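Student: What follows is a single structure, and I will ask about it in a moment.
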Amino acid sequence: GAVVSQHPSRVICKSGTSVKIECRSLDFQATTMFWYRQFPKQSLMLMATSNEGSKATYEQGVEKDKFLINHASLTLSTLTVTSAHPEDSSFYICSARGGGGRTDTQYFGPGTRLTVL
Amino acid sequence: GDSVTQMEGPVTLSEEAFLTINCTYTATGYPSLFWYVQYPGEGLQLLLKATKADDKGSNKGFEATYRKETTSFHLEKGSVQVSDSAVYFCALTPDSWGKFQFGAGTQVVVTP
């Protein structure tokens with residue numbers, strides 16, 4: 001089946017630094033990618049929708065200047081957490097959807113655990 | 001807004017036991033409903049789905065029926081195996097754009 005990878009799987013950084021997380025669709029072209037955030041024992045919360053070649057659409061309450069999303073190609077989207085703070089520590093998951101628009105053809109990455117010290 | 005509520009875990013079962021994970025939702029309109037499973041160290045995988053009322057989704061021995069009258073989509077399996085140990089997420093999407101609303105996830109632990 002289709003595979004979505006994320007890199008890194010785990011990152012620890014100092015407060016104030018920026019961290020980039022990559023999401024790649026390995027064997028299909030993803031016209032749309034989604035970024036989610038998951039707090040311990042809580043739901044995945046949608047942060048933004050990323051369409052290739054256009055600006056990301058952010059959900060209400062998500063700071064677009066803090067969580068920079070770039071979807072430069074049909075196989076890669078990046079999420080950059082700028083000036084990270086301890087409250088940004090979380091599990092970040094991306095998903096990728098191929099063409100056709102069917103909502104069930106959406107594949108999730110394994111997630112990236114971010115810890116900000 | 002739309003939301004999904006599922007039972008808290010962990011749920012610990014013996015092999016061959018019956019599994020039920022309750023899921024209820026609130027949504028305007030007619031959402032599609034999903035169950036995803038996340039095995040340790042892996043991404044979320046679609047387990048089953050239902051797109052309209054009274055639809056039954058099934059896969060790998062798991063079943064869930066879209067009950068509009070009770071706004072529920074409970075997941076069931078008649079005889080679990082150790083390999084079913086995972087976290088299960090109930091989710092809905094209100095439209096075709098793919099914005100999922102997830103429940104908190106329920107960890108299931110099956111012991112030999």
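Student: If we only count strands (runs of 3 or more DSSP E) wholly inside the range A:1-90, which ones have 1 or more residues that are polar (S, T, N, Q) and touching a Cys at 6+ places or on another chain (Cβ under 8 Å)?
Tutor: Answer list for the range A:1-90: A:4-7, A:76-81.
Student: I'm checking my understanding of the structure. Among residues of the range A:6-31 that are surrounded by 15 or more Cβ atoms within 10 Å (Cβ to Cβ) and more than 11 Å from the chain's Cα centre (by Cα), which one is nearest to A:GLY109 (Cα to Cα)?
Tutor: A:SER25
Student: From B:LEU19, B:LEU47, B:LEU75, which residue is open to solvent by less than 40 Å² (accessible area, probe 1.4 Å) and closer than 25 Å to A:TRP35 by Cβ?
Tutor: Numbers: B:LEU19 fails: closer than 25 Å to A:TRP35 by Cβ; B:LEU75 fails: closer than 25 Å to A:TRP35 by Cβ.
Matching residue, one of B:LEU19, B:LEU47, B:LEU75: B:LEU47.
Student: Continuing with this model, one more query. Inside the range B:7-29, can you point out the residues that are closer than 22 Å to B:THR111 by Cα, part of a strand (DSSP E or B) and either within 13 Å of another protein chain (Cβ to nearest Cβ) or of a type in the set (Val, Ile, Thr) (or both)? So that I can check it myself, show each step before the final result.
Tutor: We begin by selecting, within the range B:7-29, every residue closer than 22 Å to B:THR111 by Cα; these are B:7-22.
Checking which are part of a strand (DSSP E or B) leaves us with B:11-14, B:19-21.
B:VAL11, B:THR12, B:THR20, B:ILE21 - these are the residues of the range B:7-29 that are closer than 22 Å to B:THR111 by Cα, part of a strand (DSSP E or B) and either within 13 Å of another protein chain (Cβ to nearest Cβ) or of a type in the set (Val, Ile, Thr) (or both).
Student: From the set of residues in the range B:30-57 that are within 14 Å of chain A (Cβ to nearest Cβ) and among the small types (Gly, Ala, Ser), which is nearest to B:GLY105 (Cα to Cα)?
Tutor: Step one: list which residues in the range B:30-57 are within 14 Å of chain A (Cβ to nearest Cβ), which gives B:30-52, B:55, B:57.
Still in the running and among the small types (Gly, Ala, Ser): B:32, B:41, B:43, B:50, B:57.
Details: B:SER32: 18, B:GLY41: 15, B:GLY43: 13, B:ALA50: 18, B:GLY57: 18 Å.
In this case the residue turns out to be B:GLY43.
Student: Please work out which one of (1) aliphatic (A, V, I, L, M); (2) surrounded by 17 or more Cβ atoms within 10 Å (Cβ to Cβ); (3) more than 14 Å from B:GLN101 (Cα to Cα) is the condition B:VAL4 fails and give its number.
Tutor: Unmet for B:VAL4, out of (1) aliphatic (A, V, I, L, M); (2) surrounded by 17 or more Cβ atoms within 10 Å (Cβ to Cβ); (3) more than 14 Å from B:GLN101 (Cα to Cα): (3).
Student: Then there's this: In the range B:92-112, how many residues are of a type in the set (Gly, Ala, Ser) and modelled with pLDDT of 95 or more? Steps first, answer last, please.
Tutor: Initial filter on the range B:92-112 (of a type in the set (Gly, Ala, Ser)): B:96, B:98, B:103-105.
If we keep only those that are modelled with pLDDT of 95 or more as well, we get none.
Residues in the range B:92-112 being of a type in the set (Gly, Ala, Ser) and modelled with pLDDT of 95 or more: 0 in total.
Student: Of the residues that sit in the range A:36-82 and are surrounded by 19 or more Cβ atoms within 10 Å (Cβ to Cβ) and small (Gly, Ala, Ser), which one is farthest from A:SER9 (Cα to Cα)?
Tutor: The extreme case among them is A:ALA56.
The values are calculated or read from the model by the stated rules, or taken from the named source; none is laboratory data. Nothing here was measured: the structure is a model prediction, and the numbers come from that model. Neighbour counts are summed over all protein chains in view; Cβ atoms, including those assigned to glycine, are modelled from backbone coordinates with ideal geometry. Areas reflect the complete protein model, heavy atoms only, side chains present, ligands, DNA and RNA absent. Shrake-Rupley method; radii C 1.70, N 1.55, O 1.52, S 1.80 Å.
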